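Engineer: A single structure is presented below for examination.
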Amino acid sequence: DWSDQPKLGQSNGRRGKRRAILEIYDLSRHNAFIKSLSNELLHLHAFKVGTISSCSREILLRKRQKKVPTSEDLQNLAGFEAKPTRQYRDGNDSWEDAYWRTLCGDVWRVGFDDQGFSVYQKIGPDGRLVYQNWCLYMSGVNISGDSEMRETVLFHQIARRTTHNRKFFVSTEGFLGLGPLDMCPGDELYLFQGARVPFVLRKCSLSDELPRGTLSLPAQRFTLIGNCYVHGIMFGEIYDKRDIVFEDIILA
């Protein structure tokens, strides 16, 4: 149920706070199409963004402990020669900019609503300086200036929420993103018609047990691994650069 909202108490944890961040993404430019075929099968319209080629270990961010892959690490993971100025897949960012924007989900907290919940928007170019201060902070350097320190701590909080129980991944098409711990190379990235964020899916093998009478379904069958962040498409940019043609898929 994509209209489901968490209860107030469920919004206080890191997962609930990350959900508030997910609300600002804008991939839902079409009405949702969902058809239940049985208690175990959903028929959806979806668009394939790419395939995961490699992924990191679980991201762990703790105060003054940098246990997160760097931009250079991820370029090596993707099979690139590490270069700070390497152009990212979308043609707008350098790979380093794509990296720090992915780390914070490309968002910044701009205030609070009437109920005291955080309000986010897309982070601006000034975020690069905040990220650089955060790198110093994580390496043990004290940040001078109260304003700079507050921004550094806020970046750290957003990055922790965004990367909690996540891995970095790189797709075969050169997209960088964050996804569930259960994902692995070969899993596929899809947009669902009507959904705000992309999802990681895994093809069902021919040996997977399926409900009786469903073997003749015309659409490809997948298992849902979880939602994800794919840098460069989260605010609808993909609709401006590609013709989106949705296909029928089955979630089993």
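Engineer: Amide H of residue 87: which non-local residues (sequence gap of 5 or more, or other chain) have their own amide H closer than 5 Å, using H built in the peptide plane?
Structural biologist: Amide H to amide H, under 5 Å and 5 or more residues apart or across chains, residue 87 pairs with 95.
Engineer: Find how much the distance from residue 60 to residue 220 grows on full extension, using 0.36 nm per residue of separation minus their present alpha carbon separation; answer in nm with one decimal.
Structural biologist: 54.1 nm
Engineer: Rounded to the nearest 0.05, what FRET efficiency do residue 141 and residue 243 have when you use their Cβ-Cβ distance and R0 = 51 Å?
Structural biologist: 0.60
Engineer: Ok, one more. Enter the accessible area of residue 19 (Å², nearest 10), with the probe set to 1.4 Å and all protein chains included.
Structural biologist: Ignoring ligands and nucleic acids, residue 19 comes out at about 80 Å².
Engineer: At a Förster distance of 41 Å, what's the computed FRET efficiency of residue 173 paired with residue 38, Cβ-Cβ distance as r, to 0.05?
Structural biologist: According to the calculation, E is roughly 0.80.
Engineer: Between residue 121 and residue 184, 0.36 nm times their residue separation minus their Cα-Cα distance comes to what?
Structural biologist: Separation in residues times 0.36 nm, less the Cα-Cα distance, equals 19.7 nm.
Engineer: What's the lysine pair count for the chain at a Cα cut-off below 23 Å, pairs eight or more apart or interchain?
Structural biologist: 20
Engineer: At 1.4 Å probe radius, can you tell me the per residue accessible area of the chain in Å²?
Structural biologist: Per residue, the chain has 53 Å² of solvent-accessible surface.
Engineer: May I ask you to give the percent of accessible area on the chain that is carbon plus sulfur, with a probe radius of 1.4 Å?
Structural biologist: Ligands and nucleic acids excluded, carbon and sulfur give 46 percent.
Engineer: I need the phi-derived Karplus couplings for segment 92-98: 6.51 cos²θ - 1.76 cosθ + 1.60, θ = phi - 60°, integer Hz, Gly and Pro marked x.
Structural biologist: 9, 10, 6, 4, 5, 5, 4
Engineer: OK, next. Keeping all protein chains in place and using 1.4 angstrom, which order do 197, 141 fall into by accessible surface area, from largest down?
Structural biologist: Sorted descending by solvent-accessible area, the residues read 141, 197.
Engineer: In addition: State to the nearest 20 debye the size of the charge dipole of the chain about its Cα centre, where the only charges are +1 on K and R beta carbons and -1 on D and E beta carbons.
Structural biologist: 760 debye
Engineer: Take the Cβ-Cβ distance between residue 113 and residue 83 as r, set R0 to 35 Å, and report the resulting FRET efficiency rounded to the nearest 0.05.
Structural biologist: Using R0 = 35 Å, I get an efficiency of 0.25.
Engineer: Related question: Roughly what percent of Cα-Cα pairs across the chain reach past 24 Å?
Structural biologist: When all Cα pairs of the chain are counted, 50 percent exceed 24 Å.
Engineer: Given the options 47, 155, 80, state which has the largest fluctuation in a GNM of the chain using a 10 Å cut-off (strictly under) for Cα springs.
Structural biologist: Highest fluctuation among the options: 80.
The values are calculated or read from the model by the stated rules, or taken from the named source; none is laboratory data. In this text the structure is predicted, and so the values were computed from the model without any measurement. Glycine gets a Cβ as well: all are built from the backbone with ideal geometry, and neighbour counts include every protein chain shown. The area values use the complete protein model at the heavy-atom level, side chains included, leaving out ligands, DNA and RNA. Shrake-Rupley method; radii C 1.70, N 1.55, O 1.52, S 1.80 Å.
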